[in-house]
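Everything below concerns the one structure shown next.
The values are calculated or read from the model by the stated rules, or taken from the named source; none is laboratory data. Because the structure is predicted, anything quoted here is derived from the model rather than measured. Neighbour counts run over all protein chains shown; Cβ positions are idealised from the backbone, glycine included. Remember, those area values only see protein heavy atoms, side chains included, never the ligands or the DNA or RNA. Shrake-Rupley method; radii C 1.70, N 1.55, O 1.52, S 1.80 Å.
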Amino acid sequence: MKIAFVGKGGSGKTTLSSLFIRHLAAAGAPVVAIDADINQHLGPALGLDEAEAAALPAMGDRMRLIKNHLRGSNPRIASAETMIKTTPPGEGSRLVRVREPNAIYDACARPVELDGGAVRLMVTGPFTDADLGVACYHSKTGAVELFLNHLVDGPDEYVVVDMTAGSDSFASGMFTRFDMTFLVAEPTRKGVSVYRQYKEYARDFDVTLKVVGNKVQAQDDIDFLRKEVGDDLLVTVGHSDWVRAMEKGRPPRFGLLEETNAAALHRLRTAADATYALRDRERYTRQMAHFHLKNAESWGNERTGTDLAAQIDPGFVLGEGVATPA
């Protein structure tokens, strides 16, 4: 299952995504966690110290390796230089799976131990001074988009992505790559403004969106969120002494998380799992082609000197039964 956490800056989406990752790991589920936010905080939220988080290999710095691995023997892709962030898989492409090792995991993923269960953590890498004037952050998140485009995942295995804040998630087609998108919103007008943007942008792409109300203190907060987002409000989360201890670098055993918050995380997993039966693999593949053509026409063809529309394999549908070439 592919799951995104989105929301405005400061909403608590990284904290909630880290709690959800811990919840899955505690249940023994295989998890790939990805920090795709411009502010790289997922590693520390999962318990890494500053030095460990800074030492994580950046996916954005390993784009050539990622492209060379994923293109495999696909005859429609002449070289890594002609791949862009939206290039879809086709016959001969190498696909990635949650459980199976691959060159991308070797280069970009590191294990993080969480109460006895390990998850794979990957990060886009921070936006640095060296990027100013020569690149945009979306070129780094393009590594995540390519990874998701070539990912084959099944039920009871999870890829959880902490997305960039606000509506920047719509700068590419990555927002359509998820089975479930959890939008973290505080009970304020600013808190629900990103929800309205996301709902509007996602309406034409069948994005499954649920709101997680965060920093909720009283019934009045719940009533406000329900009035603003309606049935999209899935669950609310309030104060947590466990989270306060985690933010101080002294997290207790995860089994000591408050019962109400543990129940909220369980409800998130139940909602995400329910979307598996709704998967439309042909639509998912069509959306890849749609955004690839948009990017090709707006900048990709000119930058690569190639007709990138030819990279689309019209007979290919991404699904769990697709074989991965050696």
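Give the accessible surface of the chain per residue, rounded to a whole number of Å², with probe radius 1.4 Å and ligands, DNA and RNA excluded. Walk me through the numbers on the way to the answer.
Details: 14450 Å² over 326 residues.
For the chain, the solvent-accessible area averages 44 Å² per residue.
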Cα gyration tensor category, rounded, prolate or oblate, for the stretch 1-101 with a/c compared to 1.5: prolate
Candidates V144, V96, V216: whichever shows maximal mean-square fluctuation once the chain is modelled as a Gaussian network with Cα springs under 10 Å: V216
Label-zone membership for the stretch 40-60, site R250, 7 angstrom Cα→C-beta point, backbone N under 19 Å: 45-50
Nearest 10 degrees, 0 to 90: helix 137-149 Cα axis against the chain principal axis: 80
Among 239-246, 268-275, the order from most to least packed when residues are scored by Cβ within 10 Å on average: 268-275, 239-246
P(r), alpha carbons of the stretch 66-116 - 5 Å bins starting at zero, rounded %: 4, 19, 25, 20, 15, 7, 5, 4, 2
Acute angle (nearest 10 degrees) that the helix 189-202 long axis makes with the longest principal axis of the chain, alpha-carbon atoms: 30
Cα-based radius of gyration of the stretch 202-276 once divided by 2.2 N^0.38 Å, which approximates compact folds: 1.28
The chain: angle of helix 259-274 to the longest principal axis, Cα-based, in degrees nearest 10: 30
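What do you get for Rg/Rh over the stretch 159-295 if you use C-alpha atoms and the Kirkwood form of Rh?
On the way: Rg = 16.6 Å, Rh = 16.6 Å.
We get a ratio of 1.00 for the stretch 159-295.
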Sites Q217 and L278 - FRET efficiency at Förster radius 30 Å, r taken between beta-carbons, to 0.05: 0.30
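Could you tally up the Lys pairs in the chain with alpha carbons closer than 12 Å? Skip any pair fewer than 8 positions apart unless they're on separate chains.
Details: K8/K190; K13/K215; K67/K85; K85/K140; K85/K294; K199/K210.
Lysine pairs meeting the criterion: 6.
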Ellipticity estimate at 222 nm from DSSP helix runs (n ≥ 4, -39,500 (n - 2.57)) divided over the chain, nearest 500: -10500 deg cm²/dmol
